[in-house]
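Participant: Please see the structure below; I have some questions.
The values are calculated or read from the model by the stated rules, or taken from the named source; none is laboratory data. The structure presented is a predicted model; accordingly, all values stated were derived computationally and were not measured. Reconstructed Cβ throughout: ideal geometry from the backbone, glycine too, with neighbour counts over all protein chains shown.
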Amino acid sequence: MPYRRGLNPPATPAAANDEESFRLVAIRAARTPEGCAGRDWLVYEIAQGTNLIKGYRRGDLPSVTAEVEKIVLGLNDRRISKKGRQPPPKPTPKAAPPQPPTPVDRSEDADP
């Protein structure tokens, strides 16, 4: 039996409420992708708003469902993480090299 949205709970509680969250939409049997071997292939669909990610996994429905739900969790964690993708640190200006001390002319201070 293929996975269909609504039959199984969402991978994360936020996935049900947030349009920007990734969510597992469907998993169903698929033909063997070109260049691959085996007969136990499944195609999955993950949605985020109007974006759709389609991927293939080999295995039985329960194990593939568990693997894809982990993918969805990871995508959502990465999306809401405060760490996320941070811009590179701004370069700090280098301090100017220290200037050599200025020599003092003491010739005027000498006694004749």
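Participant: Within the stretch 21-30, can one find any residue that is part of a loop (DSSP other than H, G, I, E, B), surrounded by 12 or more Cβ atoms within 10 Å (Cβ to Cβ) and within 24 Å of the chain's Cα centre (by Cα)? Don't jump to the end; show me each part of the working.
Facilitator: The initial filter retains those residues of the stretch 21-30 that are part of a loop (DSSP other than H, G, I, E, B), namely 21-22, 30.
Narrowing the set further to residues that are surrounded by 12 or more Cβ atoms within 10 Å (Cβ to Cβ) leaves 21-22, 30.
Restricting the remaining residues to those that are within 24 Å of the chain's Cα centre (by Cα) gives 21-22.
Yes, because at least one residue in the stretch 21-30 is part of a loop (DSSP other than H, G, I, E, B), surrounded by 12 or more Cβ atoms within 10 Å (Cβ to Cβ) and within 24 Å of the chain's Cα centre (by Cα).
Participant: Further question on the same structure: Among Gly38, Gly59, which is of a type in the set (Gly, Ala, Ser) and surrounded by 11 or more Cβ atoms within 10 Å (Cβ to Cβ)? Give the steps one after another, and end with the answer.
Facilitator: Values: Gly38 fails: surrounded by 11 or more Cβ atoms within 10 Å (Cβ to Cβ).
Of Gly38, Gly59, the one residue that is of a type in the set (Gly, Ala, Ser) and surrounded by 11 or more Cβ atoms within 10 Å (Cβ to Cβ) is Gly59.
Participant: Select from the stretch 79-96 the residues that are modelled with pLDDT of 75 or more and either touching a strand residue (DSSP E or B) at 6+ places or on another chain (Cβ under 9 Å) or in a loop (DSSP other than H, G, I, E, B) (or both) and list them in ascending order. Lay out the reasoning, then the answer.
Facilitator: Taking the stretch 79-96 first, the residues modelled with pLDDT of 75 or more are 79-80, 89-94.
Once the filter is applied, which keeps residues that are modelled with pLDDT of 75 or more and either touching a strand residue (DSSP E or B) at 6+ places or on another chain (Cβ under 9 Å) or in a loop (DSSP other than H, G, I, E, B) (or both), the stretch 79-96 yields Arg79, Pro89, Lys90, Pro91, Thr92, Pro93, Lys94.
Participant: For the stretch 24-57, which positions are at pLDDT 95 or above and charged (D, E, K, R)?
Facilitator: Arg28, Glu45, Lys54, Arg57
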